[in-house]
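Structure first, commentary second.
The values are calculated or read from the model by the stated rules, or taken from the named source; none is laboratory data. Since we're looking at a predicted model, the values are computed, not measured. Note: ideal-geometry Cβ built from the backbone for every residue, glycine included; neighbour counts use all protein chains shown.
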Amino acid sequence: MTQKWLVSMLGAAAMTVSAGAIAQSTMAPVPGFYAGLDVGQTDVGPEDDTGFKIFGGYRFHTNIAAEVGYGLLFDKSGVELTSLEALAVGIFPLANQFSLFGKLGFARLEAEGPGGSANETELTYAIGAQYDISRNLGVRLQWQRYSTDPDDIDFISLGVLWKF
């Protein structure tokens, strides 16, 4: 009787451990392509406006990705500000579906207005958090800064991304 009880308990423990391993492996980040859309608030000096950005990237590893994006950050008072950017992304998983990330890269900013147009290549960096709703769908909240002269440009956004 004692042996049957011991075998039953060990079997139950083995199934519990293996079920956890299976569940974890189904949500573990898999290297691959992703694309998404960010919508947020852009602060340019004393003015602000709603901005949009589309992006795509490739996750090489659980902690490393590369990303490119194009954004219409500001379109107000006859001034339009767009960005074309390339970024390295560091990802720090905190739980199965939740992670923090940081970005560092360069952005080609183009401003067009009544006085003409101007182009600059500037440093950009960001921090944020991502929650994976499913294996192929995630949402992220981020703050991104474009280091420009004389005023920095801040973009706070909420985004959705699809993983391929």
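Annotations for the structure displayed:
- 3 or more residues free of Cβ contacts under 8 Å to residues at least 40 places away in the same chain: qualifying strands (runs of 3 or more DSSP E) within segment 77-164: 79-93, 98-113, 116-132, 137-146
- Residue that is farthest from the chain's Cα centre (by Cα), among those in segment 138-164 that are over 26 Å from Gly45 (Cβ atoms) and surrounded by fewer than 16 Cβ atoms within 10 Å (Cβ to Cβ): Phe164
- Odd one out for Val39, checked against (1) surrounded by 14 or more Cβ atoms within 10 Å (Cβ to Cβ); (2) at pLDDT 95 or above: (1)
- From the options Tyr58, Tyr125, residue that is surrounded by fewer than 18 Cβ atoms within 10 Å (Cβ to Cβ), over 20 Å from Gly40 (Cα atoms) and aromatic (Phe, Trp, Tyr): Tyr58
- Matching residues in segment 65-89 - criterion: being among the aliphatic types (A, V, I, L, M) and closer than 18 Å to Val139 by Cα: Ala65, Ala66, Val68, Val89
- Condition check for Ala12: assigned to a helix (DSSP H, G or I), modelled with pLDDT of 60 or more, out of contact with any Gly (no Cβ under 9 Å at 6 or more places or on another chain) and more than 24 Å from Ala86 (Cβ to Cβ): yes
- Test for Phe33: is it under 12 Å from the mean Cα position of the chain (by Cα) and at pLDDT 95 or above: no
- Pairs, first surrounded by fewer than 17 Cβ atoms within 10 Å (Cβ to Cβ) in segment 43-55, second of a type outside the set (Phe, Trp, Tyr) and part of a loop (DSSP other than H, G, I, E, B), C-beta under 7 Å, six or more apart: Gly45/Asp151
- For segment 40-52, the candidate set comprises residues that are out of contact with any Phe, Trp or Tyr (no Cβ under 7 Å at 6 or more places or on another chain), part of a strand (DSSP E or B) and not aromatic (Phe, Trp, Tyr); within that set, the residue that is farthest from Phe92 (Cα to Cα) is Glu47.
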